[in-house]
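**Student:** Could you have a look at this structure, given as structure tokens, before my questions?
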């Protein structure tokens with residue numbers, strides 16, 4: 001049975017609110033950040049809706065932001081693997097063409113023997129790094145491929161190879177540690193042998209171009225990947241979808257799924273204003289809130305709590321739009337105790353006139369454990385949201 | 001691991017009680033119908049057993065009665081898709097032979113240009129429709145297939161084609177709306193081209209036969225399907241199974257799974273009496289209660305509550321039979337707020353000396369959310385019922 005065969009053409013208003021890295025865990029000392037936060041508006045949605053826990057990539061598996069968001073969009077995150085190169089490209093708004101090979105590069109420092117001494121070139125400043133990227137774009141020329149560079153931030157650079165017959169199945173050149181030289185390009189498939197040869201020349205040309213520059217000596221490449229054609233929201237769900245995400249990577253993942261990217265808002269209230277302005281142009285909006293994850297990575301509990309409370313404050317403006325469904329959740333957990341992503345299931349809330357109600361009266365991990373939404377793969381949220389918005393017809397007579 | 005390899009031959013008494021369309025959802029105004037109903041006997045079973053929530057066809061998917069019941073019987077409802085034609089045939093007790101093609105037909109009205117003006121022929125009365133079906137059986141003759149008609153109720157008619165090399169993969173002729181002509185038969189597979197030709201002749205012959213009759217002008221055909229060989233309860237579960245369902249369609253689905261159909265009872269107390277009478281002839285009984293779904297479809301909350309309470313009243317007589325397991329559940333949800341089937345998970349109760357107990361003390365959607373049975377695909381109930389009745393041996397040493 002295909003979901004698409006059950007879809008109708010009726011317009012609707014579905015709102016996905018992602019607090020990046022929302023989930024946490026309680027321990028002897030602390031409640032979770034969400035439990036600790038004062039969230040009167042989210043608590044009211046929980047009281048009027050249903051709650052549960054979602055797992056983006058299966059039990060025990062810590063999800064990256066790419067698979068986490070794909071699961072929220074209803075795509076199987078293990079079927080559509082997006083390499084770091086592609087996520088970097090979408091993140092900086094570089095439109096990969098079919099056949100392009102993209103990778104992430106770190107500007108790095110080498111000693112006289114070609115040994116990596118700093119994988120991030122002393123966390124080089126943006127303007128210095130950007131100038132080096134200009135040098136690379138001006139000077140790196142190799143036979144067999146056009147080579148393009150784009151500065152991301154600090155030591156982070158996107159590299160794209162364009163040409164006939166390239167293949168992304170090449171191992172990382174980045175050794176992931178200092179004290180050793182960068183790795184020689186190794187094909188992971190016979191079809192990628194020529195690409196590995198091209199990369200050898202690219203690596204040499206990069207070192208040549210940087211030889212008389214200050215700040216960095218080479219680029220450590222990793223996460224080779226190629227352009228993916230993901231089925232679009234329009235084809236998959238008959239939804240006109242848009243995102244008001246601020247950060248490039250999330251705008252990029254949304255774009256890969258065929259969402260429109262509305263002009264980049266400055267902050268939360270501008271995100272909500274953009275949704276309001278385009279309310280009748282779309283059936284589905286994706287609002288991404290980054291600050292929860294940043295605080296999780298930094299291990300800053302108070303900041304994560306504050307970021308959750310900031311999102312809570314805009315909920316009344318969102319409810320005022322009278323959507324058919326609101327989902328509030330995360331793409332993965334980022335407990336401040338771990339200063340990074342984790343496998344803990346993500347608290348999730350669904351609200352809308354046909355969603356139903358359960359016994360929960362607040363939004364938090366332990367309240368979610370007893371909710372009507374149950375504990376389930378993140379990917380299952382999308383069909384439940386579609387159903388709650390009246391988009392799905394009956395299966396079978 | 002095959003379930004069948006673990007089955008033993010011991011007799012048992014399993015009772016499946018289906019309140020059709022049982023599930024509902026709470027909102028600002030209402031509890032669910034089950035929560036609202038006064039069900040002292042079901043509440044006692046909940047207190048003495050375990051509860052949970054079941055999803056017949058996956059998250060967000062609204063199940064029809066066919067897939068809903070197949071899932072309750074432990075069959076994968078997406079593997080065994082039963083078209084409306086087959087369900088109609090089983091519903092009126094028409095035994096399809098291998099190769100037969102069955103479809104549902106609506107007696108309809110056409111204008112002088114052949115445009116559909118009423119898809120249900122003014123909801124024609126049973127006796128008038130039945131007389132027209134007799135006319136069709138007397139007059140419709142085409143090359144390439146024997147054509148049989150059977151009146152179901154009002155405008156609803158079963159049509160069966162019998163002959164060599166027919167194929168059911170033909171698109172609906174019913175356009176599902178007025179103001180357009182019936183569709184021309186379109187093969188969905190090259191193998192069905194000849195069947196489409198035959199159907200073109202059948203359609204013309206039907207219109208000829210009805211031309212000088214009052215009440216209807218044509219038959220709108222949909223849901224072409226063919227005879228299915230489903231594995232039987234005897235083979236699959238080593239169970240002697242019988243149903244005391246009243247409505248033809250549910251007797252039909254049970255029959256497709258190899259259950260005996262006991263003489264059609266008049267109402268709930270006769271259903272229970274039939275089970276009591278045949279208690280030692282069978283290991284498994286399927287009791288179907290239709291009125292909950294009818295009230296759900298009609299959006300009549302009080303009627304649905306009353307239908308639930310009526311079922312509750314016969315529970316003591318069922319418990320008195322001392323079955324090994326009683327399951328009380330629905331084939332899908334039919335909330336009165338939506339006047340139709342829905343995707344909301346179905347409250348489910350298991351009771352028996354070896355089932356166990358959880359903290360629930362009443363039978364209702366929100367109580368079920370925290371039950372020991374958890375939230376799971378409906379199809380998983382059957383092995384749990386078998387196990388609780390002592391029918392399954394250990395897997396592995």
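**Student:** If each residue of separation counts as 0.36 nm, what is the full-extension length gain between residue A:10 and residue A:197 once their alpha-carbon separation is subtracted?
**Tutor:** Here the answer is 62.1 nm.
**Student:** For label points placed 7 Å from Cα toward Cβ, what is the shortest-first list of nm distances from residue A:247 to its copies?
**Tutor:** Label-point distances to the other copies, shortest first: 5.1 nm.
**Student:** If you wrap a convex hull around the alpha carbons of segment B:263-397, what volume per residue comes out, as a whole number of Å³?
**Tutor:** Output value, Cα hull per residue: 137 Å³.
**Student:** Enter the mean number of other protein chain beta carbons within 10 Å of the beta carbon of each residue in A:349-358, as an integer.
**Tutor:** The mean count of partner-chain Cβ atoms within 10 Å per residue comes to 5.
**Student:** Cut-off is 10 Å between beta-carbons; in what order do B:10, A:232, A:334, A:88 appear when sorted fewest neighbours first?
**Tutor:** Final ranking by Cβ density, sparse to dense: B:10, A:232, A:88, A:334.
**Student:** Based solely on C-alpha atoms, express the radius of gyration and the Dmax of segment A:1-42 in angstrom.
**Tutor:** My reading of the Cα-based Rg and Dmax gives 18.1, 51 Å.
**Student:** Same structure, new question: Can you name the residue in chain B whose Cβ lies closest to the B-to-A rotation axis, and give that gap in whole Å?
**Tutor:** Minimum Cβ distance to the axis, with residue: B:370, 3.
**Student:** In peptide A:46-55, what is the residue-averaged number of other protein chain Cβ atoms found within 10 Å of each Cβ?
**Tutor:** Working: counts 0, 0, 3, 0, 6, 1, 2, 0, 0, 0.
Average neighbour count from other chains, rounded to a whole number: 1.
**Student:** While we're looking at this one, here's another question. Using 7 Å Cα-to-Cβ label points, what is the residue A:359/residue B:300 separation (nm, one decimal)?
**Tutor:** 3.3
**Student:** Among the DSSP beta bridges whose two residues both lie in the protein assembly as shown, what percent are antiparallel, rounded to the nearest 5?
**Tutor:** On the way: 70 of 113 bridges.
About 60 percent, rounded to the nearest 5.
**Student:** Among B:15, A:42, rank each residue by its count of other Cβ atoms within 10 Å, from fewest to most, as a rough exposure measure.
**Tutor:** By the 10 Å Cβ count, ascending: B:15, A:42.
**Student:** Rounded, prolate or oblate: which fits chain A, taking a ≥ b ≥ c as square roots of the Cα gyration tensor eigenvalues, rounded meaning a/c under 1.5, else prolate when a/b beats b/c?
**Tutor:** Note, shape of chain A comes out prolate.
**Student:** What relative contact order, as a whole-number percentage, does segment B:117-262 give when Cα pairs under 8 Å and 6 or more residues apart are counted?
**Tutor:** It rounds to 20 percent for segment B:117-262.
**Student:** In deg cm²/dmol, rounded to 500, what helix-only [θ] at 222 nm does chain A give when every DSSP H run of at least 4 residues adds -39500 (n - 2.57) and the total is split over its residues?
**Tutor:** Rounded to the nearest 500, it is -9000 deg cm²/dmol.
**Student:** Stokes-Einstein at 10 °C, 1.306 mPa s, Kirkwood radius from Cα pairs: D for the protein assembly as shown in µm² s⁻¹? Write down the numbers at each step before the final one.
**Tutor:** Details: Rh = 29.8 Å.
Stokes-Einstein gives a translational diffusion coefficient of 53 µm²/s.
**Student:** Let me ask something additional. Indicate the gyration tensor shape class of segment A:135-186 (rounded, prolate or oblate), computed on the Cα atoms with a ≥ b ≥ c the square roots of the eigenvalues: a/c under 1.5 is rounded; otherwise a/b larger than b/c is prolate and the rest oblate.
**Tutor:** Here segment A:135-186 falls in the oblate category.
**Student:** Further question on the same structure: Please compute the modelled spin-label separation between residue B:313 and residue A:130, points set 7 Å along Cα→Cβ, answer in nm with one decimal.
**Tutor:** For the pair residue A:130/residue B:313, the computed spacing is 8.0 nm.
**Student:** Here is a further query. Determine how many Å³ per residue the convex hull of the Cα atoms of segment B:71-200 encloses. Present the calculation step by step, with values, prior to reporting the outcome.
**Tutor:** On the way: hull volume 17.9 nm³, N = 130.
Here the figure is 138 Å³ per residue.
**Student:** Can you list the copy-to-copy distances for residue A:2, using a point 7 angstrom from Cα toward Cβ, in nanometres, shortest first?
**Tutor:** 3.3
**Student:** Also: What gaps in nm, shortest first, separate residue A:113 from its twins in the other copies when you place the label 7 Å past Cα toward the beta carbon?
**Tutor:** For residue A:113, the inter-copy label distances come out at 9.0 nm.
**Student:** Please report, in cubic angstrom per residue, the volume enclosed by the convex hull of the alpha-carbon atoms of segment A:24-116.
**Tutor:** On the way: hull volume 22.8 nm³, N = 93.
Value for segment A:24-116: 245 Å³ per residue.
**Student:** As a footprinting exposure proxy, order A:357, B:177, B:141 by other Cβ within 10 Å, with the fewest listed first.
**Tutor:** Ascending number of Cβ neighbours within 10 Å: B:177, B:141, A:357.
**Student:** Angle between the Cα long axis of helix B:268-277 and the longest principal axis of chain B, 0 to 90 degrees, nearest 10?
**Tutor:** The angle comes out at about 70 degrees.
**Student:** Which value in nm describes the separation of the simple spin-label points at residue B:394 and residue A:184, placed 7 Å from the Cα toward the beta carbon?
**Tutor:** Result for the modelled spin labels: 5.7 nm.
**Student:** Say R0 is 41 Å: what FRET efficiency, to the nearest 0.05, do residue A:146 and residue A:38 get from their beta-carbon distance?
**Tutor:** 0.15
**Student:** Of all alpha-carbon pairs in segment A:144-264, indicate the percentage at a distance above 17 angstrom.
**Tutor:** Value for segment A:144-264 (Cα pairs over 17 Å): 66 percent.
**Student:** Using the beta-carbon distance between residue A:27 and residue A:61 and R0 = 22 Å, what value does 1/(1 + (r/R0)^6) give for FRET efficiency, to the nearest 0.05?
**Tutor:** For residue A:27 and residue A:61, the calculated efficiency is 0.55.
Every number in this text was worked out from the coordinates using simple rules, so none of it is lab data. None of these values were measured; they are calculated from a predicted model. Cβ: placed from backbone, ideal geometry, glycine included. Neighbour counts: every protein chain shown.
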